[in-house]
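Q: Have a look at this one.
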Amino acid sequence: MAVPKRRKGRAKVHSRRSANDVVASKPRSICPQCGEAKLPHHVCPNCGYYKGREVIVTE
């Protein structure tokens, strides 16, 4: 079984881990009804419309 000869430094370990620990923001699209940002393929939480139809009644 392969065993590393030398210990990896703290900077090397942290730089490797930091590439995978990035918290990516969710993709956003613009609602054609109200213009607010919303998740793609989801009902708009602001106006309640999805694909040009009102799905959720909002005040």
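Q: Taking the conditions exactly as written (touching a Lys or Arg at 6+ places or on another chain (Cβ under 6 Å) and assigned to a loop (DSSP other than H, G, I, E, B)), does C34 satisfy them or not?
A: Details: touching a Lys or Arg at 6+ places or on another chain (Cβ under 6 Å): no; assigned to a loop (DSSP other than H, G, I, E, B): yes.
The answer is no for C34.
Q: Next question. Counting only residues that are free of Cβ contacts under 8 Å to residues at least 12 places away in the same chain and loosely packed, with under 11 Cβ neighbours inside 10 Å, which one in region 43-59 is nearest to the chain's Cα centre (by Cα)? Working first, answer last.
A: From region 43-59, those free of Cβ contacts under 8 Å to residues at least 12 places away in the same chain are 45, 48, 50-51, 53-54, 57, 59; that's our starting set.
Now drop any that are not loosely packed, with under 11 Cβ neighbours inside 10 Å, which leaves 51, 53, 57, 59.
On the way: K51: 22, R53: 26, V57: 27, E59: 28 Å.
It comes out as K51.
Q: Separate question: If you go through region 1-23, how many residues are of a type outside the set (G, A, S) and not in a helix (DSSP H, G or I)?
A: Summing the residues that are of a type outside the set (G, A, S) and not in a helix (DSSP H, G or I) in region 1-23 gives 10.
Q: Another question about this same structure. Keeping to region 16-32, report how many residues are modelled with pLDDT of 90 or more and more than 17 Å from the chain's Cα centre (by Cα).
A: 2
The values are calculated or read from the model by the stated rules, or taken from the named source; none is laboratory data. All values derive from a computational prediction rather than experimental measurement. Ideal geometry is used to build each Cβ from the backbone, glycine not excepted, and the neighbour counts take in all protein chains shown.
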